[in-house]
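Asks: Please read through the structure below; I'll follow up with questions.
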Amino acid sequence: MTATANEKTRTNVYLDTNMKKKAQEIFKQYGMGLSDAFNIFLSQSVMEKGIPFQIRIPNEKTAQVIKDAREGKNMTKVSLDDLKEEIGA
C-alpha cells in the first residue's frame, strides 16, 4: 500500500497550555485548527529541508536584557505622549 496525501496518522505532542490557547486563537482567525497549522509547518519544513524560519540564540547582552525585562528590572514607564514627543509626531 502506498501513502497518499489523505492518509493521516495520530501523534501526541506536549505543549505549553497557555501557548496552545494563544496559538489556537490566532489559527482560528485563519479558519484552521491546530492540526492544520502543524501540517503547514511540517510541509514547509519538508520543502525547506529544515525549520522554515530563522531561529536565533541571543547574545549575552540581549539575553541579560530579556532576563531583566522578565524580572521587571531597568524598566521605565513611558506614556504614548512621551513616545510621540520623542519621535516628533
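Asks: Does region 62-83 hold any residues that are under 22 Å from the mean Cα position of the chain (by Cα) and of a type in the set (Lys, Arg), and which are they?
Replies: Scanning region 62-83 gives 67, 70.
Asks: What are the residues in region 46-62 that are farther than 30 Å from residue 74 by Cβ, outside any helix (DSSP H, G or I) and among the hydrophobic types (A, V, I, L, M, F, W, C), if any?
Replies: Listed by number, the list holds a single entry, 51.
Computed from the coordinates by the stated procedures, all read-outs in this text should not be read as laboratory data. Just so you know, these numbers come straight off a predicted model, no measurement behind them. Backbone-built Cβ (ideal geometry, glycine too); neighbour counts: all protein chains shown.
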